[in-house]
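Scroll down for the structure; my scribbles are underneath it.
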Amino acid sequence: MFLFRRGIARVTPDQARRRTTDGDAVLLDVREQVEWNAGHAPGAVHVPLSRLVTGSGLPATAEGRPLVVICRSGHRSQQAAKLLAGRGAEAVDVKGGMHAWASSGLPVVDERGSSGRIA
């Protein structure tokens, strides 16, 4: 008998946008500061994966809420979503990360709120 362990759910950028715009989910960007500064989704909350791994908590605006986790390509966000789920959070990650987000035509802003880029 094989036991299959269900992995973390993955969503498309459009699904992520709907969940974080229409629902009560928080878009959590886990990229490093320089990546965040260059370009991120408007309204996202930033906590680098490197801080989550060392035990950092979530900002108050994200505590107890469903999380949609995003990074540059989708690898770090999968790690973060698993880590957060292990801590009891409801978390999914965005397939393709910010590259897919931008390719879908969704907005990206820099640290000043101007048009951003994916670093």
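Assorted remarks:
- In the set (1) over 13 Å from the mean Cα position of the chain (by Cα); (2) closer than 18 Å to ALA41 by Cα; (3) open to solvent by 80 Å² or more (accessible area, probe 1.4 Å), the condition left unmet by SER104 is number (3).
- Residues located in the stretch 50-81, provided they are open to solvent by 20 Å² or more (accessible area, probe 1.4 Å), within 12 Å of the chain's Cα centre (by Cα) and of a type outside the set (Ser, Thr, Tyr): PRO66, ARG72, HIS75, ARG76, GLN78, GLN79
- Verdict on VAL94 being closer than 15 Å to VAL30 by Cα, in contact (Cβ under 8 Å) with a residue 24 or more places away in the chain, open to solvent by less than 50 Å² (accessible area, probe 1.4 Å) and not acidic (Asp, Glu): yes
- Residues satisfying the stated conditions in the stretch 11-52, i.e. closer than 14 Å to VAL92 by Cβ and modelled with pLDDT under 95: GLY23, ASP24
- Taking the criterion of being within 15 Å of PRO107 (Cα to Cα) and buried (at least 19 other Cβ atoms within 10 Å of the Cβ), the residues of the stretch 28-43 that qualify are ASP29, TRP36, GLY39, HIS40, ALA41.
- Filtered residues of the stretch 8-32 (kept if in a helix (DSSP H, G or I) and not β-branched (Val, Ile, Thr)): PRO13, ASP14, GLN15, ALA16, ARG17, ARG18, ARG19
- Where a residue in the stretch 57-71 is of a type in the set (Gly, Ala, Ser) and its partner, wherever it lies, is in a loop (DSSP other than H, G, I, E, B) and open to solvent by less than 80 Å² (accessible area, probe 1.4 Å), with Cβ under 8 Å and at least six apart: ALA62/VAL47
The values are calculated or read from the model by the stated rules, or taken from the named source; none is laboratory data. Remember, predicted model here, so these are calculated numbers, not experimental data. Cβ atoms come from the backbone with ideal geometry, glycine included; neighbour counts cover every protein chain shown. Heavy atoms of the whole protein, side chains included, go into the accessibility calculation; ligands, DNA and RNA do not. Shrake-Rupley method; radii C 1.70, N 1.55, O 1.52, S 1.80 Å.
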